[in-house]
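**Q** One structure, pasted below without further comment.
The values are calculated or read from the model by the stated rules, or taken from the named source; none is laboratory data. Remember, it's a predicted structure, so these values are computed and weren't measured experimentally. Cβ: placed from backbone, ideal geometry, glycine included. Neighbour counts: every protein chain shown.
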Amino acid sequence: MRAKYVLSEVFLGLWRNVTMTIAMIITMAVSLSMLGASLLLYWKVQDMQDYFYTRVEMSIFLKSDVTPDQKAQLADALNHDSRIQSAPYESQDVAYKRFREQFKDAKDLVDSVKPESLPASFRVKLKDPNQYAAVQNDYKSKAGVDSIVNQQKTLDKIFSILGGIQNLALVVAIVQGLAALLLVANTIQVAAYSRRREVGIMKLVGASNWFIQLPFVLEAVFAGLIGAVIAFVVLIVTKAFLLDGPLSGIFTSNFIPPIGWQDILLTLPLLLAVAAVISAATGWVTLRFRLRT
Amino acid sequence: MKSRGWTRPWFSSLRTFGTKHDACPLRLLSLRVNFRPVIRLENVTKTYPRASRPSMEGATATIEKGEFVFFIGPTGAGKSTIIKLLLREETPTSGRVIVNGRDVANMHSWKVPAFRRSLGCVFQDFRLLPNRTAAENVAFALEVIGKSRTVARRVVPEVLELVGLGGKENRYPHQLSGGEQQRVAIARAFVNRPLILLADEPTGNLDPDTSIEIMRLLDRINRTGTTIVMVTHDSNIVNQMRRRVIEIDSGRIVRDQPRGVYG
């Protein structure tokens, strides 16, 4: 009977205050879908960082007037450096072939460049990509070295942009979450006010505090869970109609790994848990102030 | 398990008592022998925040089990403060309020609900739920403290019969007269068989004839051994009942008479 009473109170309360309930659910849903999106982005960026940073290369470009002696010395030093995994030599001819391959669509560009104008280089792959600064320092002043270019810098830029997008989503999630929090608090206060007679009598006859408060807290939790489910649906729809549809081009370039269904599925329990905990905590704190004896 | 106490036909003993006015000196005597204070006020002072003077100042009184006590005095004298202190809606600024052997002021707030189950309370404005019938109003008080619906179904008709509302169980408060509404409120306060029944101006909204009927009902409940503390300024009733009278003026107890009149 208790469970039945509590549940009927919960649904009655949500229904009595239906506009507020809807507002609460919508705000909750927006906040949680933003949270979910930033979570997915975070996971993806982690994956990408792991993937790309381990494959990062640095190129040691040689001067055009480099002597075969200097070249051999450099190759020897690189091959005996314990920090370096491999350092294949790329001659001017090979570099030219690659250049032609990469820019085959821009015929004018290819025609204007001769094999001699492209520098030869060592393509250095490090064992630990974080040591690139030290390695760069060691080799930049060696004889025959023109310049050292590191892909990591480019990657850093890309990831800082992705990180920015992720932070933006997180900020939106937090601001919306704050709004949702205030709405939960407000809804509970309205609910407590509309049931003040019942609450007064319950207190008078000695109903326990949790029994008085439970319907209100459950009301908030229930709305929060609906919000989480809606947010989950929003993520699914985004994946199905946006990422797999018009935006699928991003992923075919192979730079950004596609977001899998299992990633999206993984957000559901997280969103549900966050929604439940936040609404329950807000509800409980609100009632502490509202329904004190 | 919890409902075991309800299997006793507690109401039958109540019915064997006569409804005529108290004329049995033996009953009073037995109360004296069975000395057991259920309420003790020890030098109680209550000053509300931002109030210029205390609502209750140095009040000391002892109320024994089964007593019927009137607290009288002009409006604003601090009568209602007594009820609030006994219910622990308020805690005293100083002094001790002891109800049924428990120090109410120093009670943990989580123990308050269980404590309140040993009290029943009736107010001037009845405080019934308008969207529930008489029976549902009484049952509500049982259900919210965890009694099963089966228990409520058995006990509620009995207690409504007892307060004289047999046959009106399914009426809503707006279909009942003021006196009948107060009977529902009394049924709700009494259904849990409290040790003490607190009544804050229970006849304040009723005409004199109905007031007398309500007092008869309270008297019958008192005869079951329930201590009754009633706050009133209805001199007629106090003079007719001839029970203990504690008069309060400006927060101080100025008179405490065993069989008093309004004065």
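**Q** Please find, among A:32, A:7, A:39, the residue that is under 30 Å from residue A:187 (Cα atoms) and within 14 Å of chain B (Cβ to nearest Cβ). Break it down into steps so the answer makes sense when it comes.
**A** Working: A:32 fails: within 14 Å of chain B (Cβ to nearest Cβ); A:39 fails: within 14 Å of chain B (Cβ to nearest Cβ).
Exactly one residue qualifies, and that residue is A:7.
**Q** Could you list, in sequence order, the residues of region B:221-242 that are more than 22 Å from residue B:127 (Cβ to Cβ), in contact with a helix residue (DSSP H, G or I) (Cβ under 8 Å, 6 or more places away or on another chain) and charged (D, E, K, R)?
**A** Residues of region B:221-242 more than 22 Å from residue B:127 (Cβ to Cβ): B:223-225, B:235-236, B:238-242.
Then drop every residue that is not in contact with a helix residue (DSSP H, G or I) (Cβ under 8 Å, 6 or more places away or on another chain), which leaves B:223-224, B:236, B:240-241.
B:223 - this is the single residue of region B:221-242 that is more than 22 Å from residue B:127 (Cβ to Cβ), in contact with a helix residue (DSSP H, G or I) (Cβ under 8 Å, 6 or more places away or on another chain) and charged (D, E, K, R).
**Q** Under the condition of being closer than 15 Å to residue B:136 by Cβ and part of a loop (DSSP other than H, G, I, E, B), which residue from region B:158-192 is nearest to the other protein chains (Cβ to nearest Cβ)?
**A** Of everything passing the filter in region B:158-192, B:191 is nearest to the other protein chains (Cβ to nearest Cβ).
**Q** Looking at region B:193-207, is at least one residue among the basic types (Lys, Arg) and more than 14 Å from every other protein chain (Cβ to nearest Cβ)?
**A** If we filter region B:193-207 for residues that are among the basic types (Lys, Arg), which is where we start, we get B:193.
The next check asks that each one be more than 14 Å from every other protein chain (Cβ to nearest Cβ); those that pass are none.
No, because not a single residue in region B:193-207 is among the basic types (Lys, Arg) and more than 14 Å from every other protein chain (Cβ to nearest Cβ).
**Q** So residue A:47 ticks every box in (1) under 39 Å from the mean Cα position of the chain (by Cα); (2) surrounded by 13 or more Cβ atoms within 10 Å (Cβ to Cβ); (3) not hydrophobic (A, V, I, L, M, F, W, C); (4) not assigned by TED's automatic domain parsing to the domain that holds residue A:212 but one. Which box is left unticked?
**A** Against the list (1) under 39 Å from the mean Cα position of the chain (by Cα); (2) surrounded by 13 or more Cβ atoms within 10 Å (Cβ to Cβ); (3) not hydrophobic (A, V, I, L, M, F, W, C); (4) not assigned by TED's automatic domain parsing to the domain that holds residue A:212, residue A:47 comes up short only on (4).
**Q** Looking at region B:55-65, is at least one residue closer than 16 Å to residue B:234 by Cα and touching a residue at least 60 places away in the same chain (Cβ under 8 Å)? Quick ask: steps written out before the conclusion?
**A** Filtering region B:55-65 down to residues closer than 16 Å to residue B:234 by Cα leaves none.
Among the residues of region B:55-65, not one is closer than 16 Å to residue B:234 by Cα and touching a residue at least 60 places away in the same chain (Cβ under 8 Å), which makes the answer no.
**Q** Consider residue A:144 carefully, then state whether it is closer than 29 Å to residue A:285 by Cα and buried (at least 16 other Cβ atoms within 10 Å of the Cβ).
**A** Working: closer than 29 Å to residue A:285 by Cα: no; buried (at least 16 other Cβ atoms within 10 Å of the Cβ): yes.
For residue A:144, the condition - closer than 29 Å to residue A:285 by Cα and buried (at least 16 other Cβ atoms within 10 Å of the Cβ) - is not met.
**Q** If you don't mind, there's one more thing I want to ask. Would you mention how many residues in region B:90-122 are more than 9 Å from chain A (Cβ to nearest Cβ), touching a residue at least 12 places away in the same chain (Cβ under 8 Å) and not hydrophobic (A, V, I, L, M, F, W, C)?
**A** Of all residues in region B:90-122, those more than 9 Å from chain A (Cβ to nearest Cβ) come to B:90-108, B:111, B:122.
Add one more test, that the residue is touching a residue at least 12 places away in the same chain (Cβ under 8 Å), and what stays is B:90-100, B:102, B:104-105, B:107, B:122.
Then drop every residue that is not not hydrophobic (A, V, I, L, M, F, W, C), which leaves B:90-96, B:100, B:102.
The total comes to 9.
**Q** If I filter region A:203-211 for residues that are touching a Leu at 6+ places or on another chain (Cβ under 6 Å), buried (at least 19 other Cβ atoms within 10 Å of the Cβ) and not β-branched (Val, Ile, Thr), do I get at least one hit? Before the answer, list the steps.
**A** Residues of region A:203-211 that are touching a Leu at 6+ places or on another chain (Cβ under 6 Å), as a first pass: none.
Within region A:203-211, none of the residues are touching a Leu at 6+ places or on another chain (Cβ under 6 Å), buried (at least 19 other Cβ atoms within 10 Å of the Cβ) and not β-branched (Val, Ile, Thr).
**Q** Only one of A:266, A:204, A:270, A:243 is at pLDDT 90 or above, away from chain B (no Cβ under 14 Å) and at negative phi. Can you tell me which?
**A** Values: A:266 fails: at pLDDT 90 or above; A:204 fails: away from chain B (no Cβ under 14 Å); A:243 fails: at pLDDT 90 or above.
Result of the check over A:266, A:204, A:270, A:243: A:270.
**Q** Going through A:55, A:16, A:83 one at a time, which residue ends up being within 14 Å of chain B (Cβ to nearest Cβ) and among the basic types (Lys, Arg)? First the steps, then the outcome.
**A** On the way: A:55 fails: within 14 Å of chain B (Cβ to nearest Cβ); A:83 fails: within 14 Å of chain B (Cβ to nearest Cβ).
Residue meeting the stated conditions: A:16.
**Q** Next question. Just checking, which of A:163, A:177 is more than 14 Å from chain B (Cβ to nearest Cβ), of a type in the set (Gly, Ala, Ser) and buried (at least 19 other Cβ atoms within 10 Å of the Cβ)? It would help to see each step written out before you state the result.
**A** On the way: A:163 fails: buried (at least 19 other Cβ atoms within 10 Å of the Cβ).
Exactly one of A:163, A:177 is more than 14 Å from chain B (Cβ to nearest Cβ), of a type in the set (Gly, Ala, Ser) and buried (at least 19 other Cβ atoms within 10 Å of the Cβ), namely A:177.
**Q** Of A:219, A:198, which residue is within 14 Å of another protein chain (Cβ to nearest Cβ) and out of contact with any Lys or Arg (no Cβ under 9 Å at 6 or more places or on another chain)? I'd like the intermediate steps shown before the answer.
**A** On the way: A:219 fails: within 14 Å of another protein chain (Cβ to nearest Cβ).
So the residue among A:219, A:198 that is within 14 Å of another protein chain (Cβ to nearest Cβ) and out of contact with any Lys or Arg (no Cβ under 9 Å at 6 or more places or on another chain) is A:198.
**Q** Name the helices (runs of 4 or more DSSP H) wholly within region A:1-107 that hold at least 2 residues that are at pLDDT below 85, in contact with a helix residue (DSSP H, G or I) (Cβ under 7 Å, 6 or more places away or on another chain) and closer than 20 Å to residue A:149 by Cα? Outline the logic, then answer.
**A** Values: elements: A:2-16, A:18-54, A:68-80, A:92-102.
Correct list: A:18-54, A:92-102.
**Q** Of all residues in region B:123-140, which are polar (S, T, N, Q) and either surrounded by 20 or more Cβ atoms within 10 Å (Cβ to Cβ) or within 9 Å of chain A (Cβ to nearest Cβ) (or both)?
**A** Step one: filter region B:123-140 for residues polar (S, T, N, Q), giving B:124, B:131, B:133, B:137.
B:137, the sole residue that qualifies.
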